[in-house]
Each structure stands twice: as C-alpha cells, then as structure tokens.
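**Q** Structure provided below as structure tokens; questions to follow.
The values are calculated or read from the model by the stated rules, or taken from the named source; none is laboratory data. Keep in mind the model is a prediction, meaning the values are calculated, not measured. With ideal geometry, Cβ positions are generated from the backbone for all residues, glycine too; neighbour counts draw on all protein chains shown. Areas reflect the complete protein model, heavy atoms only, side chains present, ligands, DNA and RNA absent. Shrake-Rupley method; radii C 1.70, N 1.55, O 1.52, S 1.80 Å.
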Amino acid sequence: MRFLPTAEQRDFTRSLDALLTASDTPSVVRSWSAGDPGPGRALWARLAEAGVFALAAPEAQDGMGRLPVELALAYRELGRHAVPGPLVETAAVTALLSHLADAGDPAPAKRLLPGVLTGESVVTLGVPGGGGYVLDAEGADVVLVVKAGATGPELRLAPGHGPVHPSLDPARRLARPDPGGELLAAGPLLAEAVGCAVRWARLAAAAQAVGVAEELLRRTVAYVKQRTQFGVPIGSFQAVKHRLADTLLAVEFARPLVYGAALTLAPADLAAAKAAAGEAAYASSRAALQLHGAIGYTEELDLSLWLRKARPLRDAWGTPAECRAEILAAHP
Amino acid sequence: MDLDHTAEEDAFRAEAREWLAAHVPDAPLPSLETAEGFAAHREWEAELYAGRWSAVSWPERFGGRGADIFRWLAFEEEYWAAGAPGRVSQNGISLLAPTLFDHGSEEQRARILPEMARGAVVWAQAWSEPEAGSDLASLRSRAVRTDGGWLLTGQKTWSSRAAFADRAFGIFRTDPVAPRPHQGLTYLMFDLRAPGVTVRPIGRLDGRPAFAELFLDEVFVPDEDVIGEPGQGWRIAMSTTGDERGLTLRSPGRFLAAADRLVRLWRERGEDRGARDRVADAVIGARAYQLFTYAGASRFAAGGEMGAESSLNKLFWSEYDIELHETALELLGAEAELTDLAGGWGEGYIFALAGPIYAGTNEIQRDIVAERLLGLPKGRR
C-alpha cells in the first residue's frame with residue numbers, strides 16, 4: 001500500500017495549479033457571475049487541453065482511461081481556484097455517456113463526447129432529485145436532462161431553458177430546462193449509467209469541496225497572521241487558533257475519504273467522502289467568515305468567491321443527510 | 001496512490017483472524033479497573049504472547065513478528081473486530097517500548113520487553129505532577145545521584161494503571177540548576193513495590209481505581225534503569241508522547257469495530273431517525289480515521305515522521321470516541337445509565353470522557369496544530 005499521490009500525480013496537480021494561478025480565476029468567476037461566460041469558456045478550453053475533462057472517459061472513447069484519483073486531484077485544484085461552470089456535471093456527463101457506450105449504446109457518446117473532451121462543447125446535466133434545475137444551462141452548449149418517463153428514465157437534449165434564478169453563489173447560474181427535446185437514451189441501461197454518473201459527480205463535488213475548504217483556510221490563516229488588534233496579530237489568540245485548528249482537522253480527515261473513494265468507487269465510500277468534504281467546506285467557510293470579520297462579509301473581497309460556493313457545493317449531488325442515509329443502508 | 005494489500009499481508013491477516021476466533025474469550029472479561037479484571041487481562045496477555053500476537057511489530061527475538069506498520073494495522077483491525085479484550089499492557093507496549101527501541105540499550109530491551117509482552121510486568125506511566133499537568137516541563141520530582149543509581153523523591157499523579165501495575169516510567173529532575181525547565185530531566189523506570197513508594201489509587205469518575213497518585217521517598221533506581229543519557233529526558237519523553245498521540249495508541253481497528261457495534265445497536269433499536277445522522281457519522285469517522293492512518297503509515301513507511309500531525313490524530317480520536325459513545329447512550333435511552341446492562345457502552349463512555357484530557361489535553365493539541373501546522377504566532381496559553 002502506498003496511499004499517497006505518486007510523483008506523476010503530484011506533477012499533474014502542480015501543473016494544473018500553475019495553469020489556474022496564471023488564469024486569474026477570481027476575475028473569471030466575476031465575469032461568469034455577471035453573465036459573461038467568455039473568460040470562463042477560454043479557461044474551459046485550457047482545462048480541456050490539460051486533460052481535465054478526459055479523466056472520466058475510457059481510452060476507447062478517446063479519454064485518458066477512467067482515472068478517478070487524477071480526477072479527484074484535478075477537481076481539488078479547481079475548487080482551490082474557485083473555477084466556475086458545470087464542472088461536476090461535465091464529469092457526470094462523461095461518466096454517463098461512456099457507461100452507455102460500454103454497455104452497448106455508443107450513439108450518444110459518439111455524438112456528444114468528443115466536444116466535451118476537447119472543451120469545444122460545454123455540457124450540463126440535470127437528474128431527478130436535483131430540484132428540477134440545471135447548473136449553467138445558459139453558458140452551456142448542450143443541456144442534458146434525465147427524467148422519469150412512462151417506462152423508466154429518459155435522457156433528453158433539452159430544447160432550451162428558462163430564466164436564470166439568483167443563487168446563494170452568483171457563479172452558480174441555475175435555470176429550469178424546457179420540457180421535451182430529442183430522446184437520446186432510455187431504459188434500464190440508462191438507469192445504470194445515471195447511477196455511474198452520480199458516483200463520479202459525487203467524487204468530483206467532494207474533491208472540489210476539499211479544494212474550497214483548503215483555500216478558505218489558507219486565506220484565513222494568512223489574514224489572521226497580518227491582522228493586528230490589541231497590538232498583536234489576532235492569530236496569536238487561542239480562540240482564533242483553536243477554531244482554525246478545528247478547521248484543519250475537518251479538512252485533513254475529509255481529504256483521505258475523497259482519495260479513498262476515488263480508489264474504491266464504492267457507493268458508501270463516495271457518500272462518506274461527499275458528506276465529509278461538504279461539511280468540511282462549509283465549516284471552513286464559517287470559520288473564514290467569522291475570523292475575517294466585517295471585511296469577510298463583503299462581496300468585494302475575493303474570499304466571497306469561495307465563501308459562497310461552500311454551502312451549495314455541500315448540498316449539490318447528495319446532501320450530507322442523503323449521503324448518511326445511504327451509508328447506513330449499505331453498511332453490512 | 002493505492003490501497004492494495006500484498007498476498008503476505010492477506011495471509012498474515014487470515015492467520016490473525018483464525019487465531020483470534022479460536023482464542024478470544026466468549027464472555028467479556030471483568031473490568032480492567034478492578035483487581036479481578038486486571039488479573040484476567042494479564043492472563044489474556046500471556047495467552048496472546050504464547051501465540052506471538054501480543055506485540056506483532058516487535059522483532060522476533062523479543063516475542064514479536066517483525067510486522068511492519070501495515071501488518072500491525074491489519075492485526076489491530078482483526079483484533080478489535082474479533083471483540084478481543086482491552087490491552088492491560090497498552091502503556092508499556094505503546095509508550096515505553098517505542099522509547100526503548102529508539103533510546104534504550106539492547107540489554108534493557110532484552111530484559112524488559114518479553115516480560116512486558118507476556119503481561120508478567122505491567123507498566124504504568126508517571127508523567128504528571130500536582131503542579132505540572134499541561135505545563136509538564138515545570139515538574140519538580142527529582143532524582144539525586146547515589147552510589148550505582150539515583151534516589152527518586154517527589155509526587156506523581158494521574159498515573160494510569162498504577163493501582164495494579166508493577167512498574168512505572170517517567171521523567172525526573174536530575175539537574176535542579178539547569179537554565180531552562182525542560183533541561184536537566186532524566187527518563188527513568190522504577191518499581192512500584194520498591195521501598196519508599198506509596199501508591200494511592202484514585203477513583204475515576206465512576207469510582208474505579210483507573211489511576212493513582214505516587215508518593216516517592218528516596219526510591220532507589222539502579223543506573224541500568226535510566227533510558228538514554230541523564231539530562232535528555234525531555235527530548236526522549238516527547239518522542240514517546242508523539243507515539244502516544246500518533247499512530248500507536250488508538251488504532252483505527254478499534255473504532256471501525258465500535259462503529260459496527262453502534263450500527264448494530266441502532267438497528268436493534270428500530271433505526272431511530274433522530275440518531276441516524278450521528279450513527280452514520282460514526283461510520284464515516286471510523287473510515288476517515290482508517291484512511292488518514294493509512295496515509296500517515298504510507299508517509300512513515302517512506303521515511304517520514306508523524307511530528308505535529310500526531311496532534312490532529314489525537315484530537316480526532318478523542319472527540320470521535322466521546323461522540324460515538326454519546327450516540328450509543330442516546331439509543332439506549334433511559335437504560336443507558338445501567339452500566340451492567342448496557343453492553344459495555346456505559347463503561348466505554350466513562351473511559352472515552354478522559355480522552356480529551358490525557359496524552360496532552362486537546363487545548364494543548366490545538367495550540368500545537370495552530371502553531372506548528374498552520375504557522376500561527378505563539379501567544380499566551
């Protein structure tokens with residue numbers, strides 16, 4: 001056993017980090033939130049070039065050959081840099097389409113997957129239980145929707161979408177897809193593929209949440225070291241230290257769950273990773289807000305880009321309560 | 001990155017499982033914190049030793065199996081899953097033995113370890129003093145040079161297992177004029193039945209004598225029972241407390257088994273909806289602790305050290321253990337207070353309550369995490 005990233009995996013992470021650092025992601029997020037997806041689309045293309053969207057697809061589909069650990073490492077970086085867009089949904093669509101192809105229905109993958117892997121086509125996905133909304137339909141080229149039909153689930157290409165609703169995180173632009181649209185797949189095979197999509201989505205969301213938690217903690221630690229009150233840095237006060245120690249504790253124990261889930265892809269492990277990472281991100285956001293004080297409560301400070309993401313990410317693709325229920329149902 | 005086991009590891013695990021299935025007592029032993037229970041747990045240690053399972057990570061010449069850390073973790077998972085008794089030798093095996101391996105002499109190892117491993121000599125720790133708790137370096141018990149050894153005088157307290165144990169280890173001030181409090185300390189082992197030692201058992205919260213106060217009046221310790229160089233006691237002890245908080249004191253196997261028992265209790269009690277999330281959190285926490293430990297073990301196997309990360313480990317298990325037991329008590333409802341009927345949950349709860357206090361309080365651990373892992377400035381405690 002060597003439950004640590006390999007040198008190659010560390011290099012991959014470092015190169016993504018460098019790419020994202022050079023991309024000024026805070027201004028990308030601000031444009032995306034204002035309804036201008038241009039800079040986000042440009043970043044999307046660079047991420048695709050780096051292979052980020054090919055990690056859930058097998059080589060037969062021109063992917064990099066299902067690499068869940070690499071996907072977790074990559075999405076953690078995306079979370080650390082607050083990258084906007086239907087990231088989790090892209091992983092889910094890739095898993096869904098390639099599962100269908102493997103199981104004998106290659107047509108939807110043949111048609112849609114190449115654009116997803118190259119980043120030319122931005123996709124998003126809504127599944128039952130997601131509240132009926134899809135993320136970033138407005139900035140996407142392809143909106144896929146899974147809905148219960150008369151004889152089982154149906155996968156359709158949504159013909160359009162309604163207005164964008166305001167969200168707790170303005171970078172998450174949610175809209176209701178228009179009903180109907182071309183039928184792409186249906187039946188028990190699709191039900192299996194959707195299960196697979198949800199597993200990959202949970203892994204991606206959990207990894208992204210860990211990245212969000214880490215960045216909130218990093219920014220807050222830096223802030224309390226330089227912010228002075230009563231003549232000393234506020235980071236020298238025990239009340240501040242202990243809150244940050246507890247935040248680090250939550251992050252350090254969520255991260256191995258995410259990597260462990262990437263290695264087993266077992267539903268209970270994925271649910272545990274999603275619940276723990278979501279809770280860690282949210283706890284980290286609460287600590288970050290409290291310890292920054294009033295300045296942290298402003299949208300002007302870039303911290304807000306991560307603060308606002310933590311709560312929706314915690315609840316998307318399986319709330320902690322849903323995940324906990326599944327863990328107990330699956331426990332031997 | 002992988003979670004793979006080798007064929008040898010699987011065989012080792014299977015051998016442990018088979019032995020435990022054949023030897024673990026059917027009924028739980030009486031409480032470790034009673035004279036009767038202590039004796040029964042000693043016998044269990046002797047049985048473990050006879051099967052060479054009492055200290056699997058030690059070299060074979062001391063009665064171990066030379067198991068690496070992954071094998072040790074596998075053994076612990078099997079041990080607790082089999083419902084095997086608590087370890088009366090824990091203080092010796094997880095605190096003193098690593099100290100002897102790192103800082104002791106081969107003569108000391110050969111003399112002390114096999115006796116420890118078969119439960120013939122049970123060790124207590126003697127760190128704290130009435131005026132030196134979290135501020136351990138302010139300790140005042142002293143050791144004065146005499147012909148062929150040292151004379152110990154002073155008072156130690158909260159000495160776990162000392163009510164029934166045979167010997168103890170701790171640090172003593174050998175240079176009263178050293179410029180700094182953590183200098184001039186020496187790591188010593190002594191006999192709890194030696195002339196000059198008075199052991200006064202202390203009842204813990206439930207009245208059981210889980211620890212004791214030690215009054216020492218010119219207790220003779222021969223030179224052969226000094227570990228490392230005189231004056232180096234602080235450094236040596238800190239490496240031991242790192243082990244205590246780190247990988248070896250509370251193995252993940254213990255909590256994986258406890259979480260399984262909790263799920264069984266929850267199911268027996270009708271899958272109470274109000275407790276569901278906490279039961280699930282116990283399962284999640286045990287898995288998180290297991291994977292966190294695998295990552296730590298992987299770093300350790302690659303030549304890294306635990307360092308300040310052992311404080312994260314200690315914070316996690318000590319708080320986890322209380323939450324787990326509180327959830328069990330919640331499920332048991334009004335019956336929970338009946339410790340004889342509550343299937344061990346009541347005594348486990350009492351035991352768990354001490355976790356955030358011993359082995360360095362959790363307040364001290366949070367300071368260590370904040371200062372050494374997050375790099376925050378030192379301030380007043």
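**Q** Determine whether A:Glu59 is over 26 Å from B:Tyr294 (Cα atoms), surrounded by fewer than 18 Cβ atoms within 10 Å (Cβ to Cβ) and touching a residue at least 40 places away in the same chain (Cβ under 8 Å).
**A** No.
**Q** Next up: Looking only at the stretch B:114-150, count how many residues are within 17 Å of B:Glu218 (Cβ to Cβ) and either in contact with a helix residue (DSSP H, G or I) (Cβ under 8 Å, 6 or more places away or on another chain) or not acidic (Asp, Glu) (or both).
**A** Residues flagged as within 17 Å of B:Glu218 (Cβ to Cβ) and either in contact with a helix residue (DSSP H, G or I) (Cβ under 8 Å, 6 or more places away or on another chain) or not acidic (Asp, Glu) (or both) within the stretch B:114-150 amount to 11.
**Q** Are any residues in the stretch B:288-338 open to solvent by 40 Å² or more (accessible area, probe 1.4 Å) and either within 10 Å of chain A (Cβ to nearest Cβ) or under 18 Å from the mean Cα position of the chain (by Cα) (or both), and if so, which ones?
**A** Scanning the stretch B:288-338 gives B:Arg299, B:Ala301, B:Ala302, B:Gly307, B:Glu309, B:Glu319.
**Q** Let me ask another. When you check B:Ala178 against the structure, is it under 16 Å from the mean Cα position of the chain (by Cα) and small (Gly, Ala, Ser), yes or no?
**A** No; evaluated as a whole, the condition is false for this residue.
**Q** Now for a different question. When you scan the stretch A:225-233, do you find a residue that is crowded, with 21+ Cβ neighbours inside 10 Å and more than 7 Å from chain B (Cβ to nearest Cβ), even just one?
**A** Taking every residue of the stretch A:225-233 in turn, none turns out to be crowded, with 21+ Cβ neighbours inside 10 Å and more than 7 Å from chain B (Cβ to nearest Cβ).
**Q** In addition: Residue pairs, Cβ under 8 Å, 6 or more apart or interchain, first in the stretch B:286-307 and over 12 Å from B:Ser251 (Cβ atoms), second open to solvent by 50 Å² or more (accessible area, probe 1.4 Å) and outside any helix (DSSP H, G or I). List them.
**A** If the second residue must be open to solvent by 50 Å² or more (accessible area, probe 1.4 Å) and outside any helix (DSSP H, G or I), the pairs left are B:Ser298/A:Arg2; B:Ala301/A:Arg2; B:Ala301/B:Asp68; B:Ala302/A:Arg2.
**Q** Within the set of pairs 6+ apart or on separate chains, which have a first residue in the stretch A:31-42 that is at pLDDT below 95 and among the β-branched types (Val, Ile, Thr), a second that is part of a helix (DSSP H, G or I) and open to solvent by 40 Å² or more (accessible area, probe 1.4 Å), and C-beta atoms under 9 Å apart?
**A** Here the result reads none, with nothing in the stretch A:31-42 linked to a residue that is part of a helix (DSSP H, G or I) and open to solvent by 40 Å² or more (accessible area, probe 1.4 Å).
**Q** Kindly indicate which of A:Ala201, A:Ala276 is in a helix (DSSP H, G or I), over 23 Å from B:Ser310 (Cβ atoms) and modelled with pLDDT of 95 or more.
**A** After ruling out the rest, the residue left standing is A:Ala201.
**Q** Within the stretch A:125-163, can you find the residues that are closer than 16 Å to A:Ala191 by Cα, open to solvent by 40 Å² or more (accessible area, probe 1.4 Å) and either over 18 Å from the mean Cα position of the chain (by Cα) or not small (Gly, Ala, Ser) (or both)?
**A** Residues satisfying the conditions are A:Pro128, A:Lys147, A:Ala148, A:Ala150, A:Thr151, A:Glu154, A:Arg156.
**Q** Report whether or not A:Gly65 is among the small types (Gly, Ala, Ser), more than 13 Å from chain B (Cβ to nearest Cβ) and closer than 30 Å to B:Gln290 by Cα.
**A** It is true that A:Gly65 is among the small types (Gly, Ala, Ser), more than 13 Å from chain B (Cβ to nearest Cβ) and closer than 30 Å to B:Gln290 by Cα.
**Q** Follow-up. Output the strands (runs of 3 or more DSSP E) that fall wholly within the stretch B:136-212 and possess 3 or more residues being assigned by TED's automatic domain parsing to the domain that holds B:Ile227, open to solvent by less than 40 Å² (accessible area, probe 1.4 Å) and not polar (S, T, N, Q), or say none.
**A** B:149-160, B:167-173, B:185-191
**Q** Can you find, within the stretch B:126-135, the residue that is nearest to B:Leu214 (Cα to Cα) among those that are without any contact (Cβ under 8 Å) to a residue 60 or more places away in the chain and not in a loop (DSSP other than H, G, I, E, B)?
**A** So the residue we want is B:Glu129.
**Q** Right, next: Just to be sure before I move on: is A:Leu96 touching a strand residue (DSSP E or B) at 6+ places or on another chain (Cβ under 9 Å), outside the structural domain of A:Ser285 (by TED's automatic domain parsing), in contact (Cβ under 8 Å) with a residue 12 or more places away in the chain and assigned to a strand (DSSP E or B) in the structure I sent?
**A** no
**Q** Looking only at the stretch B:131-158, which residues are of a type in the set (S, T, N, Q) and farther than 24 Å from B:Arg381 by Cβ?
**A** Within the stretch B:131-158, B:Thr146, B:Thr153 qualify.
**Q** Can you pull out the helices (runs of 4 or more DSSP H) entirely within the stretch B:1-95 that have at least 3 residues that are closer than 30 Å to B:Pro201 by Cα, in contact (Cβ under 8 Å) with a residue 40 or more places away in the chain and of a type in the set (Phe, Trp, Tyr)?
**A** B:35-50
**Q** Any residue in the stretch A:1-27 that's within 12 Å of chain B (Cβ to nearest Cβ): show its pairings with residues that are open to solvent by 80 Å² or more (accessible area, probe 1.4 Å) and part of a loop (DSSP other than H, G, I, E, B) at Cβ separation under 6 Å, as long as the two are six or more apart or on different chains.
**A** As it stands, the answer is A:Met1/B:Asp4, since those pairs meet every condition given.
**Q** Write out, first by first residue and then by second, each pair whose Cβ atoms fall under 8 Å of each other, whose residues are 6+ apart or on separate chains, and whose first residue, in the stretch A:166-182, is touching a residue at least 24 places away in the same chain (Cβ under 8 Å) and farther than 14 Å from A:Ala137 by Cα while the second is charged (D, E, K, R) and open to solvent by 60 Å² or more (accessible area, probe 1.4 Å).
**A** A:Leu168/A:Arg311; A:Asp169/A:Arg311; A:Gly180/A:Arg156; A:Gly181/A:Arg156; A:Glu182/A:Arg156
**Q** Let me ask something additional. Inside the stretch B:345-374, can you point out the residues that are open to solvent by 40 Å² or more (accessible area, probe 1.4 Å) and either away from chain A (no Cβ under 14 Å) or not aliphatic (A, V, I, L, M) (or both)?
**A** B:Glu347, B:Tyr349, B:Phe351, B:Leu353, B:Ile357, B:Tyr358, B:Glu363, B:Arg372
**Q** Of the residues A:Leu307, A:Leu289, A:Leu328, A:Leu265, which is at pLDDT 95 or above and within 11 Å of chain B (Cβ to nearest Cβ)?
**A** Residue meeting the stated conditions: A:Leu328.
**Q** What single numbered condition from (1) touching a residue at least 40 places away in the same chain (Cβ under 8 Å); (2) touching a Gly at 6+ places or on another chain (Cβ under 7 Å); (3) more than 9 Å from chain B (Cβ to nearest Cβ) fails to hold for A:Ala191?
**A** Just one mismatch for A:Ala191, condition (1).
Each row is one residue, and each column tells you yes or no for (1) open to solvent by 20 Å² or more (accessible area, probe 1.4 Å); (2) within 10 Å of chain B (Cβ to nearest Cβ); (3) on the phi > 0 side of the Ramachandran plot.
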| position | (1), (2), (3) |
| --- | --- |
| A:Val198 | yes, no, no |
| A:Lys241 | no, yes, no |
| A:Ala250 | yes, yes, no |
| A:Arg255 | yes, yes, no |
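**Q** From the set of residues in the stretch B:271-285 that are farther than 12 Å from A:Ala276 by Cβ and facing another protein chain (nearest Cβ under 7 Å), which is least open to solvent (accessible area, probe 1.4 Å)?
**A** B:Val279
**Q** A further question on this structure: For the stretch A:266-293, enumerate the residues that are of a type in the set (Gly, Ala, Ser) and under 14 Å from the mean Cα position of the chain (by Cα).
**A** If the condition is that a residue be of a type in the set (Gly, Ala, Ser) and under 14 Å from the mean Cα position of the chain (by Cα), then A:Ala273, A:Ala275, A:Ala277, A:Gly278, A:Ala281 are the ones that fit.
**Q** What is the residue count in the stretch B:64-107 for residues that are open to solvent by 10 Å² or more (accessible area, probe 1.4 Å) and within 26 Å of B:Gly231 (Cα to Cα)?
**A** Number satisfying all stated conditions: 10.
**Q** Looking at A:Glu326, A:Glu322, A:Glu299, which is the one that is surrounded by fewer than 24 Cβ atoms within 10 Å (Cβ to Cβ), in a helix (DSSP H, G or I) and more than 19 Å from the chain's Cα centre (by Cα)?
**A** A:Glu326
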